[in-house]
Amino acid sequence: MSLLIMSKVKKLLHNWLLQSISEKAAAWLEQKQTQIASGASEQVFFTAFSAVPRYLGKQDLQLTFEDLEAAQDVIPGWYPGHWSVDQAGRTLLLLALPYDDADRYVRSLDQVFSTADMGELVVLYQSLPLLPHLELHCHRAAEGIRSNMSNVFQAIALRNPYPADYLDNSAWNQMVLKAVFVGSSLHLIWGLERRANPELARMLLDYAHERWAAKRSVTPELWRAVGQFADIAIIADLEKVLAKGGQAEQEAAALACAQSPLPEAQVLLSLYPDLQSSIQQGKLTWSSLSRDRLPV
């Protein structure tokens, strides 16, 4: 990450915090950032990192639509709309750590991860796309994906651009499959369609068949990462969903057909002219489906 981008991130976090914390709390945080950036002992960092909620509080950041747009302008996919003031404060402390020596920086970060409680882990994982040496944090992201703590998994998997930008296909596919398995909202996974791949489509279809065999439902969002790789067998599955699924399932299957380059998919979609027309007119999109039919 460039110095310019990091500077912009710090400025945004600082300005947002000033709207929600006292002058005394802001002064404390500024002092700790300065000490850490000046090479203070690791104990100074760890003590401050742990103490942030006590000094700043835990209330939500009060971000406007313009604030969220500013975040996206700096780092595409960065969405701090659900962040709290202590999370923002802890992120500023992370960004104050000296990072000129990459090996030393990663060792320091590893130590933070190894001693963090659940709340601190959430901060660490959702901050990954903001940190220096982005390419060196892939193993940490993969570790977060394996976590059995839902808050930690969601911090890396949802509303976070880091996985789409830096994980390999194996880790990415495991993350998406786990999100489906635990019931996370796939539309909150940044870059889902960009990172869709044939192996992921196969894994999701295997999962769907297992669910159907057990007489259980499948999230309509699953088809979002499948349609562009649809073969004849997948089109047969989409035909079943269109014929027997609920409204959200039918809409998702229609969108998947629209994404497929195969003529057979377009013929199938033409059998449902209302859905086809809604897609062609832009009334039915993955975004509208997520907004209108699916839980946030």
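Throughout, read-outs are computed from the coordinates displayed, never taken from laboratory work. Only a predicted model underlies this, so the values are computations on that prediction, with no experimental measurement involved. Backbone-built Cβ (ideal geometry, glycine too); neighbour counts: all protein chains shown.
If you place +1 on the Cβ of every Lys and Arg, -1 on the Cβ of every Asp and Glu, and leave all else neutral, what size is the dipole of the stretch 26-157 about its Cα centre, to the nearest 20 Debye? Could the numbers behind the result be given before it?
On the way: 8 positive and 16 negative charges, 81 e Å.
Around 380 debye, computed over the stretch 26-157.
Cut-off is 10 Å between beta-carbons; in what order do Met6, Met175 appear when sorted fewest neighbours first?
In order of increasing Cβ crowding within 10 Å: Met6, Met175.
Considering the chain, what Rg and Dmax in Å follow from its alpha-carbon atoms?
Final numbers for Rg and Dmax: 21.9, 68 Å.
Under 29 Å between alpha carbons, and skipping anything fewer than 8 positions from Lys240 in its own chain: which lysines qualify?
Lys178, Lys215, Lys283
Regarding the stretch 171-225, what is the average projected area of its C-alpha convex hull, in nm²?
3.4
Among Leu200, Ser290, Trp190, whose Cα sits farthest toward the positive end of the charge dipole of the chain (+1 at Cβ of Lys/Arg, -1 at Cβ of Asp/Glu, about the Cα centre)?
Checked the options; the winner is Ser290.
Which whole-number percent gives the relative contact order of the chain, counting Cα pairs below 8 Å spaced six or more residues apart?
12
Exposure proxy check: Leu268, Leu4 ranked by fewest other beta carbons within 10 Å?
Leu4, Leu268
Any idea which of Ser147, Leu136, Gln126 is furthest toward the positive side of the dipole for the stretch 92-155, if Lys and Arg beta-carbons carry +1 and Asp and Glu beta-carbons -1?
Ser147
Could you let me know the centre-to-centre spacing of the stretch 78-144 and the stretch 206-257, using Cα atoms, in angstrom?
37
With the contact rule set at Cα under 8 Å and sequence spacing of 6 or more, what percent relative contact order holds for the stretch 1-87?
35
What are the lysines whose alpha-carbon lies under 29 Å from the alpha-carbon of Lys24, with same-chain residues fewer than 8 places away excluded?
Lys8, Lys10, Lys11, Lys32, Lys58
Can you give the net charge of the other residues whose Cβ lies under 12 Å from the Cβ of Asp231, counting K and R as +1 and D and E as -1?
-1
With a 10 Å Cβ neighbour count serving as the proxy for reagent exposure, in which order, fewest first, do Leu158, Leu204 appear?
Ascending number of Cβ neighbours within 10 Å: Leu158, Leu204.
Given the C-alpha atoms of the stretch 103-158, compute the convex hull and give its volume per residue in Å³. Present the calculation step by step, with values, prior to reporting the outcome.
Working: hull volume 3.9 nm³, N = 56.
Cα-based convex hull of the stretch 103-158, divided per residue, equals 69 Å³.
Tell me whether the stretch 204-295 comes out rounded, prolate or oblate; compute the Cα gyration tensor, take square roots of the eigenvalues as a ≥ b ≥ c, and use a/c under 1.5 as the rounded threshold.
oblate
Going by amide H atoms built from the backbone, whose H comes under 5 Å of the H on Leu284, apart from near neighbours?
Distant-sequence amide H within range of Leu284: Ile279.
In whole angstrom, and with the biggest value first, how far do the Cα coordinates of the stretch 1-167 range along each principal axis?
40, 39, 32
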